[in-house]
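Trainee: Pasting in a structure now, in structure tokens, and then I'll have a few things to ask.
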Amino acid sequence: MTDKWKTQHTLLSRARDPEDQKAWVDFVDYYQGFIKKVVIKMKVAQPEVDDLVQVILVAIWKNLSDFTPDSSRAKFRTWLSKIIRSKAINYFRDHSLYELRLTQVSDEYNLNGAYLSENNLEKTIEKDWRRYLTQQALKNIQSNFSGLAIEVFKRSLRGLPTEKIAQDLGIAKSSVRTLKSRVQRELIKEISNLRNAWES
């Protein structure tokens, strides 16, 4: 992990300080991509995705100093999901799409016909955040491994059996297991590092 990541252990608490502009820039750098993925998944019209992301980021910036981290109660992403939900409802209402979105059941956010249900959105954001964190961690560690090791691990993530991976890549099954284990151990450590950096 680079020094950039090692020095961000108090990013969330620092970002709550309106005087710490560097922390806010880092916060946007780390979270903007995730928020954009959520907005796209909500089927916001493509030309307006970036605008809604900016609206959400402004709302976060205005309210972040009021957020008090408390591991025994609300998590940051619970608070974040409320802001995203609020701004998305405003967007759909402004575009006369609110009732349509409440009744559609076409994607992951439309669970049981409750597109903007607070509980459903929070659960989905939590799941998507774990996926996003894993993707970022994998990007961070790729340079530590050969292309073969990463390819083995990615194929294992897709559910391919060891025998199939070994056959397709022309390596021994024991090599598949070894490479997969090495990448997995490093990935787990990097996910932990990112959690400390982004969520503390």
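Trainee: Taking the Cβ-Cβ separation of SER146 and GLN54 as r and a Förster radius of 35 Å, what is the calculated FRET efficiency to the nearest 0.05? Don't skip to the answer; put the middle values down first.
Mentor: On the way: r = 40 Å, r/R0 = 1.14.
Rounded to the nearest 0.05, the efficiency is 0.30.
Trainee: Using 0.36 nm times the number of residues separating ARG93 and ARG158, minus their current alpha carbon distance, what extension gain do you get?
Mentor: Value of the extension gain: 19.5 nm.
Trainee: At R0 = 35 Å, how high is the FRET efficiency between LYS22 and ARG131 if r is their beta carbon distance? Nearest 0.05 is fine.
Mentor: Rounded to the nearest 0.05, the efficiency is 0.80.
Trainee: Ranked by Cβ crowding within 10 angstrom, fewest neighbours first, how are ASP51, ASP20 ordered?
Mentor: Working: ASP51 13, ASP20 16.
In increasing order of surrounding Cβ atoms, one gets ASP51, ASP20.
Trainee: How do SER86, SER65, SER156, SER81 rank when sorted from fewest to most other Cβ atoms within 10 Å of their own Cβ?
Mentor: By the 10 Å Cβ count, ascending, the order reads SER65, SER86, SER156, SER81.
Trainee: What list do you get for GLU122, GLU19 if you sort them by fewest beta carbons within 10 Å?
Mentor: Numbers: GLU122 19, GLU19 7.
Least crowded to most crowded, the residues run GLU19, GLU122.
Trainee: In nm, to one decimal, how far is the LYS41 label point from the TRP61 one, both placed 7 Å along Cα→Cβ?
Mentor: Going by the 7 Å Cα→Cβ label model, 2.5 nm.
Every read-out reported here was derived from the displayed coordinates using simple, explicitly stated rules and does not represent laboratory data. Keep in mind the model is a prediction, meaning the values are calculated, not measured. Note that we place each Cβ from the backbone using ideal geometry, even for glycine, and neighbour counts take in every protein chain shown.
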